[in-house]
Amino acid sequence: MSIRILLADDHEVVRAGLRNALMGLPNVEMVGEVGDGRALAEALAQLTPDLLVVDVAMPDFDPVSVIRQIKGQYPALRILVVSAYADEGYVTGLLGAGVDGYHLKDQSLADLQLAAQRVLKGERWISGPLVDRLVHRQAASRLAPTLTRRQRELLRLLTQGYDNRKLALIMDLSIKTVENHLTTLYRALNVESRLAATTFVNQHPEVLASAGQDTTEPEPKPEGTVIVLVVDDNARYRQQLARLIGKTFPGVMIYEAEDMAETLRLAERVHPHLALMDVILRDEDGIQCARRLKALSPATRVVLISAYPDREFRRLGLSAGAVAFLDKKDIDMATVRQVVEDTLGSLAK
């Protein structure tokens, strides 16, 4: 009985290379080839393949959510991702969504054949160059505890030197409630004082990051090395944007800042790959913040955002080193996906 394989990649030349390699396997039947998400959905329903070999960077294809949906509809289907992206966050997000293997495009065709064979046998496949990175990431993630969003926000404010009265005012809580939250936070960090908590953050800045889709209670989840910094003085909008990013790319690590000082302090510690920054930060200039961020972390891709788009803002922002300028009302899942994928693409080069 032949093994039915479906190829999904938006580059015809790449599909040809994959096809030639996979046809070298015994008892293989190539039942179809598609180049976008919509065609993939139709092909899966019509062709019932045994193995899907897919590049997740295709048009009309939201990788994590679609893979999870495909696995739900076709639980017996084996899925092998073949991608140019070597980022751990991208890999762990897709493995968590249900893919059976992740193969890098720059590896040999013989390795691709082996990957397909292993996946079809029910085994998990990860390209060799990724294994050490994933092991290192898992070890690093165990060093810092996982906190709730409220605990991270409390810790973030604590590092700015606020006393309990100021913390209560900012978080709209009673002083007694703040004291109770601080006790719980200290226990989570295994420290006994404000100074010790601040020292812990200086040594482990990743504790301030949310990993992908955030929850109200701490639970283990994969952390990625794609680091995103969201800068906005509106806490509600900042958190909404962080959740949108996490929903689109569960593997990324997301930090939040509300002003220039906090932005630069975080950037010096974590060197974000991507920063989404409002052009107005209370009485501060977001464009100047972008310029100083680029001077501190030149590799950071800065995307400026504003509820009041203006040509002059755009001109000044681009001259300050920003790669794009977005209107807040236009920011949705598709926009976030494109911005993060552009960042992933720049890392893969």
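The values are calculated or read from the model by the stated rules, or taken from the named source; none is laboratory data. Fair warning: this is a prediction, and the values are worked out from it, not measured in the lab. In this analysis, Cβ positions are derived from the backbone assuming ideal geometry, glycine residues included, and neighbour counts consider all displayed protein chains.
Just one of D55, D9 is surrounded by 18 or more Cβ atoms within 10 Å (Cβ to Cβ), among the acidic types (D, E) and closer than 25 Å to M253 by Cβ; which is it?
Testing whether each residue is surrounded by 18 or more Cβ atoms within 10 Å (Cβ to Cβ), among the acidic types (D, E) and closer than 25 Å to M253 by Cβ leaves just D55.
Out of the residues in the stretch 226-266 meeting the condition of being small (G, A, S) and surrounded by fewer than 24 Cβ atoms within 10 Å (Cβ to Cβ), tell me which one is farthest from V339 (Cα to Cα).
A261
Output the number of residues of the stretch 337-346 satisfying the condition of being touching a residue at least 40 places away in the same chain (Cβ under 8 Å) and either surrounded by fewer than 17 Cβ atoms within 10 Å (Cβ to Cβ) or assigned to a strand (DSSP E or B) (or both).
Counting residues in the stretch 337-346 that are touching a residue at least 40 places away in the same chain (Cβ under 8 Å) and either surrounded by fewer than 17 Cβ atoms within 10 Å (Cβ to Cβ) or assigned to a strand (DSSP E or B) (or both) gives 3.
Please verify whether R314 is touching a helix residue (DSSP H, G or I) at 6+ places or on another chain (Cβ under 7 Å) and surrounded by 14 or more Cβ atoms within 10 Å (Cβ to Cβ), treating the condition exactly as stated.
No; evaluated as a whole, the condition is false for this residue.
Scan the stretch 324-336 for residues that are outside any helix (DSSP H, G or I) and either under 20 Å from F249 (Cα atoms) or outside the structural domain of L276 (by TED's automatic domain parsing) (or both) and report the count.
Within the stretch 324-336, residues that are outside any helix (DSSP H, G or I) and either under 20 Å from F249 (Cα atoms) or outside the structural domain of L276 (by TED's automatic domain parsing) (or both) number 4.
Mind checking which pairs have a first residue in the stretch 169-182 that is closer than 15 Å to E153 by Cβ and a second that is not basic (K, R) and not in a helix (DSSP H, G or I), Cβ under 8 Å, 6 or more apart or different chains?
Between residues of the stretch 169-182 that are closer than 15 Å to E153 by Cβ and residues that are not basic (K, R) and not in a helix (DSSP H, G or I), the close pairs are I170/Y162; H181/L173.
Looking only at the stretch 81-108, count every residue that is in contact (Cβ under 8 Å) with a residue 24 or more places away in the chain, closer than 17 Å to H11 by Cα and not aromatic (F, W, Y) and tell me the total.
Residues that pass the stated criteria total 7.
Let's see how each residue does on (1) at pLDDT below 85; (2) of a type in the set (A, V, I, L, M, F, W, C):
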position	(1), (2)
Q239	no, no
K294	no, no
D310	yes, no
F313	yes, yes
V323	no, yes
L326	no, yes
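Scan L44, L51 and give me the residue that is more than 20 Å from the chain's Cα centre (by Cα), closer than 24 Å to G128 by Cα and modelled with pLDDT of 95 or more.
L51
Look through L7, L52, L47 and report the one residue that is in contact with a Gly (Cβ under 6 Å, 6 or more places away or on another chain) and not basic (K, R).
L47
Give the stretch 248-277 a look and list any residue that's of a type in the set (D, E) and either under 28 Å from S65 (Cα atoms) or not assigned by TED's automatic domain parsing to the domain that holds G321 (or both), or say none.
E256
Please count how many residues of the stretch 291-305 are crowded, with 24+ Cβ neighbours inside 10 Å and more than 21 Å from the chain's Cα centre (by Cα).
Here the count works out to 0.
For residues that are assigned to a strand (DSSP E or B) and over 19 Å from K71 (Cα atoms), tally how many sit in the stretch 34-55.
So the count comes out to 0.
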